[in-house]
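Reviewing the structure listed below.
Every read-out reported here was derived from the displayed coordinates using simple, explicitly stated rules and does not represent laboratory data. This is a predicted model, so every value here is computed, not measured. Cβ atoms come from the backbone with ideal geometry, glycine included; neighbour counts cover every protein chain shown.
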Amino acid sequence: MARGSKTVRKRLVFLLLFCFALNVVLAVRVFYIQFVRGDELRSKAIEQWTRDSPVEPKRGTIYDRNMNPLAISASAKSVMASPPDIEDVERTAALLSPILNIDEETLVKTLKEAKEKKKGSIFIKRKISDEEAEAVRKLNLKGIYFTDESKRFYPEKNLASHVLGFTGIDSQGLDGVELIYDKYLKGVPGRIVSEKDALSRELPFGLEKYIPPEEGLNLVLTIDKVIQHIAERELEKALAENEAKKGTIIVMDPKTGEILALANKPDYDPNNYKEYSSQIWRNSAVSDTYEPGSTFKIVTAAAALEEGVVSPNDSFYDPGYVVVAGVRIGCWRAGGHGSQTFAQVIQNSCNPGFVEVATEMGKEKFIKYIKGFGFGETTGIDLPGEAKGIFNPDKVGPVELATISFGQGISVTPIQMITAVATVANDGKMMAPHLAKALVDDEGNVIQEFKPRLVRQVISEDTARELKSLLESVVENGTGGRAKIEGYKVAGKTGTAEKYADGKYVASFVGFAPADDPQFVVLVIIDEPSAGIYYGGQIAAPVFQKVMADILKYKGVKPETSESESKESVKVPDVRNLYIEDAKQLLAKHKLSARVEGEGLVVYDQVPEPDSKVSAGSTVLLKVSDAKTDKNPATVPDLTGRTMREASEILNAVGLRIDIKGSGFAVKQNPPAGAEVEIGTVVQVFFEPPGTTGSGGKN
């Protein structure tokens, strides 16, 4: 009996231990489930009995400086599906696919996979048009519903597209200021949480929770919509007229570094950016480099004047070339410019003169100023993809030093170039270029202001003032004549650089106005013009003139009063395609004088343009060449006193033929001088030997 009792006790102890161990295991398991995997399982549970639909926040509006909207967000419908609620997948897909332009088989596959995985909701197509939404609504399909999202819209289409950039399907910034300021513009998403059953179907009387989104802040840019339009309009015209590959215009306020306009052509419509090549999205103004050519002479002159290496009245002699380390470097003008002062070296854009100045200054000093003006490093402008340019001081030898002095052998970005010139215009103080002015809320309260930032003082105020005067003379008396604006003092510099591909050039002009108190700096770049003319002074300067003139007028900058305003006003005649002497005579009849640039017999261009109003006594720049005129009818030139050879060359240049009568010097002609005849007309010219009665000579 005792033995049986002992066995029972053992069994009870064993059972007790087993129960205790089981309780421990269960407790551990409960602890593991409750505390170790608690958050994970809780999330899964919530996911199983709730459906969480995102609510996209409204992206902030982008305004120009005058609060004109450039990028806005409008409400758009997105089609969603609740796979468990869809009874006939094939029928649903067949009805939706033609309306939403989605492949039917793909849609069937998507819906079936979502149904198998018991997904509560999926997107079918996002941000559809109002017409598509209405068509889907009329179908009244079970398991298909809408959610509101925000769609980006650019009301000005292509205007400032390279500044604004664009957004993706999730309203995330992908380029331009949309990308740079995305964290401010995008806001914080909201949610709609609703209950569902075990089969992921929405419960008819289930609870629904709405968590509202936080809308993004609005961005105010430094861009002026009107100035941007002016820049884009003139750039588009210039590219068409010169059959150019592409171009850039930047307008900056030199005192603040604010970018008032930044235009690249060709451009794109950010509303439909996917329809354009990604190459066109590229912002040439900050991402592309080019050889600046003679516009870089501004930097050379600034450095030399600051270091006291040269003064405006120092004498130079240009024979047409200069030899550096055994390498002959030619001047752009055949035969050179001869004797001239440094002021004239700048006016004439004389390469040998700048080579001499840079050589005298030396490598170390010159490089110090090249870096000081910001070349070789990014400006920090608030746009993506900014390039540093190409400048390696370690590879600068005597020849490289010489070529860099006139803008070859160094590559810069347009934004670097205009920032450097704006530094001169701003009395030597470099301001950081920027596009953002402020962040504001919907009530107009300023949340954050982006203030102008001084980078450094590059040259002294005295040097800057002296250089501004010299650059003004470039426009007044030098190669920048076509940038003149009546009533305003304009300073600037032309640039023409040959690309490494034969026969391809980059023409540019950079300048500022008014020259004595600069308010605007404008850079114009025309890349690969192919209409025959490629010099910066001929094709880029006129674009600058039109842009700057319109800006000054728009901003209410009044022209200066001067003594010339009291003089008689005359209209400039059209002397293009005329023989040079006839052009001078015609100008004299209109009380105007002439200054000739180039070599040849025929005027191919003039400054000011025909029909311009100027004061009597003004000088008209006549640009001549050896090319024949194509003007029809042609004006018969006065050949009196000319030799047979001279008369033949002159008539040939204006498109006429000669019938020689006699020998010696011309004494009579038929048709007479000044007559208008068809091109190819034969002109009889009567010649007599010297000393014969009635003959004469012409000096």
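Between Glu609 and Lys553, the FRET efficiency estimated from the beta carbon spacing at R0 = 25 angstrom works out to 0.90.
The HN-Hα couplings worked out from phi for region 291-296 by the Karplus form 6.51 cos²θ - 1.76 cosθ + 1.60 (θ = phi - 60°) are 7, x, x, 5, 4, 6 Hz, whole numbers, x standing for Gly and Pro. Based only on the alpha carbon positions, what is the Kirkwood hydrodynamic radius of region 490-582, in angstrom? One decimal place: 15.7 Å for the Kirkwood radius.
Only the Cβ atoms of Lys and Arg (+1) and of Asp and Glu (-1) were treated as charged; on that basis the dipole of region 568-640 about its Cα centre amounts to roughly 220 debye. Ellipsoid semi-axes for region 586-674, based on the Cα gyration tensor and the rule √(5λ), read 27, 14, 12 Å when sorted largest first. Quick one: net charge of Lys437's neighbours, Cβ under 10 Å, K/R +1, D/E -1? Combined, the nearby Lys, Arg, Asp and Glu give -1.
Each residue of region 452-458 was assigned a 3J(HN,Hα) from its phi angle through the Karplus expression (A = 6.51, B = -1.76, C = 1.60, θ = phi - 60°), giving x, 10, 6, 7, 5, 8, 8 Hz with x at Gly and Pro. Applying 1/(1 + (r/R0)^6) with R0 = 45 Å to the Cβ-Cβ distance of Lys363 and Lys237 gives a FRET efficiency near 0.60. Using a cut-off of 31 Å between Cα atoms, the listed pairs Lys555/Lys591; Lys246/Lys555; Lys388/Lys451; Lys255/Lys623; Lys589/Lys668; Lys265/Lys493 include Lys555/Lys591; Lys255/Lys623 as exceeding that distance. A cut-off under 14 angstrom between Cβ atoms defines the neighbours of Leu217, and their net charge, with Lys, Arg +1 and Asp, Glu -1, is -3.
Sorting the segments 169-175, 366-372 by their mean number of nearby beta carbons within 10 angstrom, highest to lowest, gives 366-372, 169-175. Between Glu443 and Ile102, what is the FRET efficiency for a Förster distance of 51 Å, r being their Cβ-Cβ separation, to the nearest 0.05? Plugging the Cβ-Cβ distance into 1/(1 + (r/R0)^6) gives 0.80. The distance between label points at Asn68 and Lys451 comes to 2.9 nm (points 7 Å beyond Cα on the Cα→Cβ vector). At full extension, Asn670 and Ala133 could sit 185.2 nm farther apart than now, given 0.36 nm per residue minus the alpha carbon distance. Along region 332-345 the Karplus relation, 6.51 cos²θ - 1.76 cosθ + 1.60 evaluated at θ = phi - 60°, assigns HN-Hα couplings of 5, 9, 4, x, x, 9, x, 6, 6, 7, 5, 4, 6, 4 Hz to successive residues, with x for each Gly and Pro. Per-residue extension of 0.36 nm, minus the Cα-Cα distance of Asp516 and Lys157, leaves a gain of 125.5 nm for this segment.
With all pairs of different C-alpha atoms in the average, the Kirkwood value for the hydrodynamic radius of region 73-142 is 12.3 Å.
Backbone amide hydrogens, once placed in the peptide plane, bring Lys246 within less than 5 Å of Asp527, excluding anything fewer than 5 places away on its chain. Among His590, His162, the order by Cβ neighbours within 10 angstrom, fewest to most, reads His590, His162.
With the convex hull constructed from alpha-carbon coordinates only, region 443-534 shows a mean projected area of 10.7 nm² over all directions. Each label was represented as a point 7 Å from its Cα along the Cα-to-Cβ direction; for Asp502 and Lys245 these points are 1.6 nm apart. Taking amide H as placed 1.01 Å from N in the peptide plane, His337 has its amide H under 5 Å from the amide H of Asp318, Gly320, each at least 5 places away in sequence or on another chain.
Compute the long axis of helix 104-116 from its Cα atoms, compare it with the longest principal axis of the Cα atoms of the chain, and write down the angle in degrees, 0 to 90, nearest 10. Computed tilt is about 40 degrees.
Give me the number: length gained by fully extending Ile533 to Phe31, i.e. 0.36 nm times residue separation minus the C-alpha to C-alpha distance, one decimal in nm.
Length gained, Ile533 through Phe31: 172.2 nm.
Leu239 sits among other residues whose Cβ lies under 12 Å from its own Cβ, and their net charge, with Lys and Arg +1 and Asp and Glu -1, is -3. Taking every DSSP helix (H) stretch of at least 4 residues in the chain, weighting each as -39,500 (n - 2.57) and dividing the sum by the residue count yields a mean residue ellipticity at 222 nm of -9500 deg cm²/dmol.
Ranked for footprinting exposure by Cβ neighbours inside 10 Å, fewest first, Trp281, Trp332 give Trp332, Trp281.
For Ile329, nonlocal amide neighbours, meaning residues 5 or more places apart or on other chains whose placed amide H falls under 5 Å from its own, are Val322, Val323, Val324. Compactness of region 634-688, taken as the C-alpha radius of gyration over 2.2 N^0.38 Å, stands at 0.96.
Between Ser648 and Phe123, the distance separating the two model label sites (each 7 Å from Cα on the Cα→Cβ line) works out to 8.0 nm.
Once C-alpha pairs closer than 8 Å and six or more residues apart are averaged by separation and normalised to the residue number of region 634-688, the relative contact order reads 45 percent. Cα extents for region 339-487 along the principal axes, largest to smallest and rounded to whole angstrom: 66, 46, 26.
Only one residue of Gly674, Gly664, Thr640 has its Cα farthest out toward the positive end of the dipole of region 634-688, where Lys and Arg carry +1 and Asp and Glu -1 on Cβ, and that residue is Gly664.
Can you tell me what share of the DSSP beta bridges in region 51-220 is antiparallel? A percent to the nearest 5 is fine. The antiparallel fraction comes to roughly 95 percent.
Starting from the Cα gyration tensor of region 51-220, multiply each eigenvalue by 5, take the square root, and state the resulting semi-axes largest first in whole Å.
They are 34, 19, 13 Å, listed from largest to smallest.
Packing around the peptides 121-130, 254-263, 445-454, taken as the average count of other Cβ atoms within 10 Å per residue, puts them in this order, highest first: 254-263, 121-130, 445-454. Within straight-line reach of Lys363, meaning a Cα separation under 17 Å, sit the following aspartates and glutamates at least 8 residues removed in sequence or on another chain: Glu306, Glu307, Asp394, Glu400. Its alpha carbons considered, region 331-404 gives a radius of gyration followed by a Dmax of 15.4, 48 Å. Between 0 and 90 degrees, the angle of helix 89-100 with respect to the longest Cα principal axis of the chain falls at about 20 degrees. Spread over its residues, the convex hull of the C-alpha atoms of the chain is 282 Å³ per residue.
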